[in-house]
Amino acid sequence: MSKFESKIQQVPYTQQSVYNMLSDLSNAERVKQRVDDDQIHSMEFSNDSLSVNVPPIGKIAIQIVDREEPKCVKYKSVDSPLPFNLWVQMLPVTDTTSKMKLTLEAELNFMMKGIVSKPLQEGLEKLAEALASIRYE
């Protein structure tokens, strides 16, 4: 397994607010409105799963496999060209702010690791920045 970690992101919402939103994937409706239609097609979601079609990658589906209220939500790919696990860790900073870090583990052989490491790290950073910038209330 290859491990990738995002930079720590400051979030202007409480740890509990962030956890509440990220632990229920039906909240993806809020994020869907901020995404370009040409970047993501056919987003479907429920409380525990999310499926999107991302050109040129194809279909990616994840499901929540563990919730540790209020500090961590763990996801696992169930349909993806690249099997992976993703978890989002949240910690309180003050009574009204928190911070988060994303960690991704992917099954990469030596050759694939050389090809996809940089795009995966960049994608993880973009996802972390996007999650830090959305409204959690």
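Observations, loosely collected:
- Filtering Glu44, Glu122, Glu107 for residues that are open to solvent by 80 Å² or more (accessible area, probe 1.4 Å) and modelled with pLDDT of 90 or more leaves a single hit, Glu122.
- Reported count of residues in segment 95-124, each being of a type in the set (A, V, I, L, M, F, W, C) and assigned to a helix (DSSP H, G or I), is 7.
- Among the residues of segment 75-91, those that are surrounded by fewer than 16 Cβ atoms within 10 Å (Cβ to Cβ) and in a strand (DSSP E or B) comprise Val78, Asp79, Leu91.
- Single unsatisfied condition, Val65 versus (1) in a strand (DSSP E or B); (2) touching a residue at least 40 places away in the same chain (Cβ under 8 Å); (3) among the β-branched types (Val, Ile, Thr); (4) surrounded by fewer than 17 Cβ atoms within 10 Å (Cβ to Cβ): (2)
- Answer from Asn47, Asn20 - the residue that is outside any strand (DSSP E or B), in contact with a helix residue (DSSP H, G or I) (Cβ under 8 Å, 6 or more places away or on another chain) and farther than 20 Å from Phe4 by Cβ: Asn47
The values are calculated or read from the model by the stated rules, or taken from the named source; none is laboratory data. On a predicted model such as this, the values are computed, not experimentally measured, just so you know. Every residue, glycine among them, receives a Cβ derived from its backbone with ideal geometry; neighbour counts consider all protein chains shown. These accessible areas exclude ligands, DNA and RNA; they are computed on the full protein's heavy atoms, side chains included. Shrake-Rupley method; radii C 1.70, N 1.55, O 1.52, S 1.80 Å.
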